[in-house]
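Okay, structure first, notes after.
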Amino acid sequence: MWATAVGVARVRALESEREKALFRDPLARAFAAAGGLWPSSPPRPDDEAARRGRLAVSLSIVIRTRFLDDLLRQACASGVRQVVLLGAGMDSRAFRMGWPEGTRLFEVDTAGPLDFKASVLGQERVVARCERSTVAVDLREDWPGALGAAGHDPAVPTVWIAEGLLIYLPEDAVELLLARISAQSAAGSRMGLTLGSRGVIERFGADAVPGSAASMWVSEMPDDPVGWLAGHGWEADSHTLRERAAAYGRPISTPPQREERPGGLISAVRR
């Protein structure tokens, strides 16, 4: 997962260099370089199908990043001042986004990636644009307790982000995570999730290189993600990657693999 987070940083660094980038992440290049993935990644098989697969995954990272950036801005505009990034990895939103005064942002991850990240941040001498706290805990453990000890207040609204996370968790762990989020969410809380689309493991995981991100994917989204979240007390909207890519001016030219189903980009409000 740590290496995967550095790989995501490389994708964000490449996007940031585009003339009409969907976002700018000034720290992504430093994370990728420190992880040995800049200026180039290790050689990969030049199989055309594998190349297309890598491009598809990279595009999904770019689109989901922009989608969740927008969600966070909307949450702040609604008055939310607590942000929790679950499985934060090399996320640099605390440093690259503009935050309203009084915003508290918590990055939850294990000690390894947080320590690596801290060393890079120290070298770059950057300052967070909000009150930033790191919470070193495994999400299989009592992370709500650790989050509370770090100062999170469940009595006021929170915006939760689980980006590129749930696909790595078995279904029972996904359910437990969502139950814990819900228990810590006051009315008016927001949530942004990325879910593995139906069929993604079949398309990318079957031939994945051992140790690669796709080889560790285990969980796809339910058939009805909106209904699933409603059962947990959330009013959700579901968006497909294709739909959001078109809205951002990056239309996907390849035809759909199958009839379009509910998408894996989720925004939700706690009622």
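The values are calculated or read from the model by the stated rules, or taken from the named source; none is laboratory data. None of the values given here were measured: they were computed from a predicted structure. Cβ sites come from the backbone with ideal geometry, for glycine too, and all protein chains shown count toward neighbours. Please note that ligands, DNA and RNA were not included when accessible areas were found on the heavy atoms of the full protein model with its side chains. Shrake-Rupley method; radii C 1.70, N 1.55, O 1.52, S 1.80 Å.
Below, the figures for the structure above:
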item	result
Relative contact order, percent, the range 21-180 [alpha-carbon distance under 8 Å, six or more residues apart]	25
Nearest-0.05 FRET efficiency for Q123 and S40, computed from C-beta distance (R0 22 Å)	0.60
Highest-first arrangement of 78-87, 115-124, where packing means the average Cβ count within 10 Å	78-87, 115-124
Protein accessible area in the range 3-270, 1.4 Å probe - carbon and sulfur %	51
Linear extension gain, L176 paired with D142, 0.36 nm per residue minus alpha-carbon span	11.1 nm
Relative contact order for the range 3-270, counting Cα pairs under 8 Å that sit 6 or more residues apart, in percent	16
Within the range 3-270: Cβ-based charge dipole about Cα centre, in debye rounded to nearest 20 (Lys, Arg +1; Asp, Glu -1)	940
Convex hull of the range 59-150 built on C-alpha atoms - directionally averaged projected area, nm²	6.5
Where Rh is the Kirkwood radius over Cα pairs, Rg/Rh for the range 103-159	1.00
Accessible area in square angstrom per residue, the range 3-270, 1.4 angstrom probe	47
Accessible-area ranking of R18, R93, largest first, probe 1.4 Å	R18, R93
Listed peptides 104-111, 249-256, 129-136 by packing density, highest first (mean Cβ within 10 Å)	104-111, 129-136, 249-256
